[in-house]
Amino acid sequence: MNFKNEHEILLVGEGDFSFSHSVAKKLGSARKMTATSLDSREELKKMYGDAQQNLEQLARMGCLLLHGMDATTMSAREELRDRRFDRIVFNNPRVRTVGLDHDKKQIKENSKLMEEFFENASGLLSPGGEVYVSMKTCAPYNEWKVVRQAAKSGLFLADKCEFKISEFPGYTNRKGRGKSCNKTFPLDSCCTFVFKHLLYL
Ligand SMILES: C[S@@+](CC[C@H](N)C(=O)[O-])C[C@H]1O[C@@H](n2cnc3c(N)ncnc32)[C@H](O)[C@@H]1O
């Protein structure tokens, strides 16, 4: 993942905001960052032990923090609709409905989440911008067919590389739902998919 200080960066589906905080620390500023979560501020405080601290530090570094931000409808949100981003990031996407990742219903819902996220991200991307999705690539996650979902919105796979969590000190990936929302999970076979828009080739 390539982040620069001049990039307008949008992060969606954040858990405890430790990833956004890690990127901000790397850049030395968060003035061009917009970090968002589906969960409300109150929910985040209840779900994650570290959310409050990460949010406070991000705010101090100039980050715009938005909550209740649904990645499947975000391009219509007033705070985003007239803006364009050089980087749009969704780490470890997973629908909030409780169920086993292997269940057919869950696979269908996650595929739909990705399809609708890409549709929205495509409308918010700057010319030459990149969408980063980091996720496990083993079964059943490969059944989401993220490359196919992205193509429906004109986004093509420009690169795919191993996601190395050690490159993001302080980041802890969270389960993000149910009683174990604050727990982490193994990131074996995790890759970053880099998408670009066909329009800007
Ligand atoms: C497995 S957790 C990962 C959390 C965080 N990205 C991380 O890597 O630690 C999945 C995240 O996807 C978010 N999510 C699910 N559906 C979403 C949607 N429609 N819009 C935005 N975020 C969503 C959940 O709220 C949760 O934070």
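Annotations for the structure displayed:
- In range of the label at residue 5: residues from segment 50-69 whose backbone nitrogen is under 16 Å from the point 7 Å along Cα→Cβ: 61-63
- Built amide H within the under 5 Å cut-off of residue 159, gap 5+: 194
- Members of 4/145; 46/108; 46/104; 105/175; 4/196; 145/196 lying beyond 21 Å, as alpha-carbon distances in this model show: 4/145; 46/108; 46/104
- Under the Karplus curve 6.51 cos²θ - 1.76 cosθ + 1.60, θ = phi - 60°, whole-Hz ³J(HN,Hα) for segment 19-25, x wherever Gly or Pro sits: 5, 4, 5, 5, 5, 4, 5
- Relative contact order [Cα under 8 Å, 6+ residues apart], segment 104-201, whole percent: 39 percent
- Distant-in-sequence amide H partners of residue 125 (H built 1.01 Å from N, under 5 Å): 85
- Relative contact order (%) - the chain, alpha-carbon pairs under 8 angstrom, separation at least six: 23 percent
- Under 5 Å between amide hydrogens, built in the peptide plane, is the criterion, and for residue 11 it picks out 34, 35, 36, 89 among residues at least 5 positions away or on other chains.
- 3J(HN,Hα) along segment 167-175: 7, 10, x, x, 7, 10, 6, 10, 5 Hz, from the Karplus curve 6.51 cos²θ - 1.76 cosθ + 1.60 with θ = phi - 60°, whole Hz, x for Gly and Pro.
- MRE, 222 nm, helices only [DSSP H, n ≥ 4, -39500 (n - 2.57), over the chain, to nearest 500]: -8000 deg cm²/dmol
- Equivalent ellipsoid, segment 32-150 (semi-axes from 5 times Cα gyration tensor eigenvalues, Å): 25, 20, 12
- Percent antiparallel among DSSP beta bridges (both partners in the chain, rounded to 5): 45 percent
- Rounded Å value of the spacing that divides the Cα centres of segment 95-125 and segment 45-65: 25 Å
- Shape category assigned to the chain from the gyration tensor of Cα positions, a/c cut at 1.5: rounded
Bear in mind that the values in this text are calculations on the coordinates, not laboratory data. Note that the structure is a prediction, hence the values are computed from the model and not measured. Cβ atoms come from the backbone with ideal geometry, glycine included; neighbour counts cover every protein chain shown.
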